[in-house]
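Working notes, beginning with the structure itself.
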Amino acid sequence: MHICYDCFGDLMKKILTAFIGTLTGVILWIAMSQLGIFPSWCGFIIIWGCLIGYEIIQSGLNKKGILICIIMSIVMLILAEMICLGLEIHSYANNYYEVSLLSSFFMIPMFVVNASILVTIILDIIIGMIFEVIGYITYIKIVKKQPIINKI
């Protein structure tokens, strides 16, 4: 079996580009959650950051790029929600015990078995994904008519 290292490197560069684009939305999601503000609307920013970042750095956006951005934005949205849960566990657990931040993240599976917590997590993720769909549609319908590259 032959592995094309140039193709693999190119794919990894595209995935890294999409990852970097999502960071603004993920950081905003975590910040809004810590402030007690409903964070799911940040799904819109996650997908926009991903698409715009990908388009600028990769000099365009094709179907493969769109697929990479959609997958990356969903993964990062779930990661943002898990980080928020880990921070909440850390905050709560530190009231009773001295718990490291890393230990709090390892406790996530124990908290997710609680039905009310699981429903809240799933609801946040679903609403975040709805905002991602809205963001994707608006990006394609409005912004994509005139590529970002031509505006810079």
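The values are calculated or read from the model by the stated rules, or taken from the named source; none is laboratory data. No experiment lies behind these values; they were computed from the predicted model shown. Neighbour counts run over all protein chains shown; Cβ positions are idealised from the backbone, glycine included. Just the protein is used for accessible areas: all its heavy atoms, side chains included, with ligands, DNA and RNA removed. Shrake-Rupley method; radii C 1.70, N 1.55, O 1.52, S 1.80 Å.
The candidates Lys14, Lys64, Lys141, arranged from most to least accessible area with a 1.4 Å probe in the full protein assembly, appear as Lys141, Lys64, Lys14.
Remark: accessible surface ordering of Phe111, Phe106 (largest first) is Phe106, Phe111, probe radius 1.4 Å. Think of each Lys and Arg Cβ as +1 and each Asp and Glu Cβ as -1; about the Cα centre, that makes the dipole of the range 38-152 roughly 760 debye.
Against the chain, whose longest principal axis is taken from its Cα atoms, helix 5-34 shows a tilt of about 40°.
Fully extended, how many nm does the chain gain between Leu101 and Ile127 (0.36 nm per residue separation, minus their Cα-Cα distance)?
On the way: separation 26, 0.36 × 26 = 9.36 nm, distance 2.69 nm.
Full extension from Leu101 to Ile127 adds 6.7 nm.
Taking all protein chains together and rolling a 1.4 Å probe, Trp41 ends up with roughly 90 Å² accessible. Candidate values (1) 16.0, 53; (2) 17.8, 56; (3) 14.0, 38 were compared with Rg and Dmax of the Cα atoms in Å computed on the shown model; the agreeing label is (2). A straight Cα-to-Cα reach below 12 Å connects Lys14 with the aspartates and glutamates Glu55, residues fewer than 8 places away in its own chain not being considered.
Each of Ile37 and Leu16 was given a label point 7 Å from its Cα along the Cα-to-Cβ line. The distance between the two points is 3.2 nm.
Averaged per residue, what accessible area in Å² does the chain show with a 1.4 Å probe, protein chains only?
Details: 9200 Å² over 152 residues.
Dividing the accessible area of the chain by its residue count gives 61 Å².
Dipole of the range 40-135 computed with +1 at Lys/Arg Cβ and -1 at Asp/Glu Cβ about the Cα centre; of Ile134, Ser91, Ser116, farthest Cα towards the positive end is Ile134. Would you mind telling me the share, in percent, of accessible area of the chain contributed by carbon and sulfur at probe 1.4 angstrom? The computed percentage sits at 73. Relative contact order for the chain: 29 percent, from Cα pairs under 8 Å spaced at least 6 residues apart, divided by residue count.
Can you give the helix-only mean residue ellipticity at 222 nm for the chain, where every DSSP H stretch with n ≥ 4 adds -39500 (n - 2.57) and the sum goes over all residues, rounded to the nearest 500 deg cm²/dmol? Counting only the DSSP helices, I get -26000 deg cm²/dmol.
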